[in-house]
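Engineer: Okay, here's the structure, questions in a sec.
The values are calculated or read from the model by the stated rules, or taken from the named source; none is laboratory data. This one's a predicted model, so the numbers in the text were calculated from it and none came from an experiment. All Cβ positions, glycine included, derive from the backbone under ideal geometry; neighbour counts span all protein chains shown. Heavy atoms of the whole protein, side chains included, go into the accessibility calculation; ligands, DNA and RNA do not. Shrake-Rupley method; radii C 1.70, N 1.55, O 1.52, S 1.80 Å.
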Amino acid sequence: MTPEQFLKHLTRMNEQLKKAMDNDIPKIVANRATQMFKQNFKEEGFFGKKWKEVQRRQLHTVKYKTKGGKVKTKIVPAGKGVMGRRKILTGRTGNLGRSIRWKTEPGKAIIYSDLPYSLAHNEGTNNAGRTHNVHLAKRQFIGDHAKIQEMVKKTIEEQLKRLGK
């Protein structure tokens, strides 16, 4: 290889590396992180740390009379019907879980939810609801975590190995 060919090769590799760092890697990381956060949402926790249980799903004992007049008890959730079984933070529509999106800028990935109440649920608050005195427990579904950092590291390593071939 001549010095001119070597210089061309280095220039081309530098351009590929810049493209990977500015565009390709952030897109891959954003997509993978979004999938991980959506999985957290489905598992009702944040990377294995379960969310605080909601009141509507907490079980309580109900006494009732049978047709024969016997008093029996059964354990039921506080919420009626599907409300007593529905996953935490899904609501009637499931919009919060589906609102997790991503965008990229050169060299970085941004994962977000644009719903006005997502921040209150993700971080918890004592200032929610129409009267601003409703407490929402922190039920984080988006944020930094060691598993995200590990995924970013592995993605960068994979992409750099791919460029080196």
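Engineer: Accessible area per residue, 1.4 Å probe, Å², for the chain: what's the number? Please report the intermediate quantities before stating the final value.
Structural biologist: Working: 11940 Å² over 165 residues.
Using a 1.4 Å probe on heavy atoms only, each residue of the chain averages 72 Å².
Engineer: A further question on this structure: Put a dot 7 Å past each Cα toward the Cβ at Thr66 and Lys42; how far apart are the dots in nm?
Structural biologist: In this crude spin-label approximation the distance works out to 4.2 nm.
Engineer: Find how much the distance from Asn127 to Lys19 grows on full extension, using 0.36 nm per residue of separation minus their present alpha carbon separation; answer in nm with one decimal.
Structural biologist: Details: separation 108, 0.36 × 108 = 38.88 nm, distance 4.38 nm.
The span from Asn127 to Lys19 would gain 34.5 nm if fully extended.
Engineer: Treat the stretch 1-75 as a sphere of radius equal to its Kirkwood radius over Cα pairs and apply Stokes-Einstein at 4 °C in a medium of 1.567 mPa s; give the translational diffusion coefficient in µm²/s, rounded to a whole number.
Structural biologist: Working: Rh = 18.5 Å.
It comes out at roughly 70 µm²/s.
Engineer: Gln5 to Lys138: FRET efficiency via 1/(1 + (r/R0)^6), r the Cβ-Cβ distance, R0 45 Å, to the nearest 0.05? If you can, show how the numbers build up before the last one.
Structural biologist: Numbers: r = 58 Å, r/R0 = 1.29.
Efficiency, rounded to the nearest 0.05: 0.20.
Engineer: Can I ask one more? Just read off the accessible area of Val134 with the full protein assembly in place, 1.4 Å probe, to the nearest 10 Å².
Structural biologist: Result for Val134: roughly 60 Å² accessible.
Engineer: Give the aspartates and glutamates whose C-alpha is closer than 18 Å to that of Lys38, dropping any in the same chain fewer than 8 places away, or say none.
Structural biologist: Partners found: Asp114, Glu123, Asp144, Glu150.
Engineer: Sort Phe6, Phe41 from largest to smallest accessible area, using a 1.4 Å probe on the heavy atoms of the protein chains. Please report the intermediate quantities before stating the final value.
Structural biologist: Details: Phe6 105, Phe41 20 Å².
From most exposed to least exposed: Phe6, Phe41.
Engineer: Which value, in Å² rounded to 10, gives the accessible area of Arg162 with a 1.4 Å probe and all protein chains present?
Structural biologist: Number for this one is 130 Å².
Engineer: What accessible surface, in Å², does a 1.4 Å probe find on Asp114, ignoring ligands, DNA and RNA and rounding to the nearest 10?
Structural biologist: The accessible area comes out at roughly 110 Å².
Engineer: Let me ask something else. Computed from these coordinates, which is Cα extents along the principal axes in Å: [x] 99, 36, 24; [y] 39, 33, 31; [z] 64, 45, 26?
Structural biologist: From the options [x] 99, 36, 24; [y] 39, 33, 31; [z] 64, 45, 26, the structure gives [x].
Engineer: Determine which residues of the stretch 4-30 fall in the zone a paramagnetic label at Asp114 would reach in this model, i.e. backbone nitrogen under 19 Å from the point 7 Å along Cα→Cβ.
Structural biologist: 27, 30
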